[in-house]
Amino acid sequence: MSDAPAIRLTDVQFAYGKGPRVLNIPTLEVVAKEKVFLFGPSGSGKTTLLGVLAGVLGGYTGTVEVLGRDVAKMSGSQRDAFRGSHLGYIFQLFNLIPYLSVLENITLPCRLSAERRARLNGMSLEQAAEQTAKRLGIGELLHKPVTNLSVGQQQRVAAARSLIGTPELIIADEPTSSLDYDHREKFLELLFESCQAAGSTLLFVSHDRSLMHLFDRQLSLPDINKAGS
């Protein structure tokens, strides 16, 4: 998997039911370990594209390859297992489990995926969570309920959950939208450091172009997506 691009799309088209095309992407490629900023206005198909990449949206035409695997050729259970083992996803609204502690939220992907758990290099789940949380500045919060945290702290918990077990691809959907500029840059610095340490590829989706200079490459979804043509 490591020799293939992290993401490769070829002639991908997608529409919801009989509605207009939302995606019409002739080609898109993201190199392994690259940090890519993908921007576009609301309604341009950003979240739809992420759903296709993560294997939660089917029914498209064309080819979607993630970490060298053709997503369409997997069964539903195979896509679920692949996503849990190899992808980290930071949601715009975090999607933390409110009745779990910070520690339990962070370790959840490794509890659900034996393959991801096996990549902890001999550490226990608690040790791995503590290491990741400390890197993101939330090490002292591990045993607190996530409902007691600030928005910024919850974002770091979501980032830690996506990074534990060194997934090869991190997908971030507007994860800094509720932070001010200074806190956004600090959050990104920590995210970049964690991705570099894990050797992960980062696809960061946002409408905020003020952050794009921090990334290896910038892509405009309206430019690569010809849905309106």
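We did not get these values from a lab; they are worked out from the coordinates using the rules stated. On a predicted model such as this, the values are computed, not experimentally measured, just so you know.
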Report the far tail of the P(r) of the chain, meaning the percent of Cα-Cα pairs longer than 33 Å.
14 percent
Once normalised by the length of segment 111-229, the mean sequence separation of its alpha carbon contacts under 8 Å that are 6 or more apart gives a contact order in percent of 24 percent
Would you please give the residues with an amide H less than 5 Å from that of Gln218, counting only those at least 5 places away or on a separate chain, with H modeled from the backbone geometry?
Phe37
Whole number please: convex hull volume per residue, Cα atoms of segment 1-122, in Å³.
145 Å³
Relative contact order of the chain, please, whole-number percent, based on alpha carbon pairs below 8 angstrom and at least 6 residues apart.
30 percent
Under the Karplus relation 6.51 cos²θ - 1.76 cosθ + 1.60, θ = phi - 60°, what is the ordered set of whole-Hz ³J(HN,Hα) values for segment 182-197, x standing for Gly and Pro?
4, 5, 4, 5, 5, 4, 5, 4, 5, 5, 4, 4, 5, 5, 5, 4
How are the Cα pair distances of segment 74-127 distributed, in percent, across 5 Å bins from 0?
4, 18, 25, 24, 19, 9, 2
If Rh is defined by the Kirkwood formula over all Cα pairs and Rg also comes from Cα, what ratio Rg/Rh do you get for segment 174-229?
1.02
If contacts are Cα pairs under 8 angstrom and at least 6 residues apart, what is the relative contact order of segment 17-111 in percent?
16 percent
Segment 46-100-segment 142-212 distance, computed between alpha-carbon centres (Å)
18 Å
Mean-square fluctuation maximum in Gaussian network of the chain, Cα pairs under 10 Å, restricted to Gly76, Gly43, Gly139, hits Gly43
Under a 5 Å amide H to amide H cut-off, with H placed in plane at 1.01 Å, what residues pair with Ile90 once short-range neighbours are removed?
Ile171, Ala172, Asp173
Using all alpha carbons of segment 94-224, what is the percent of pairwise distances in each 10 Å bin, ordered from the shortest bin to the longest?
12, 44, 33, 10, 1
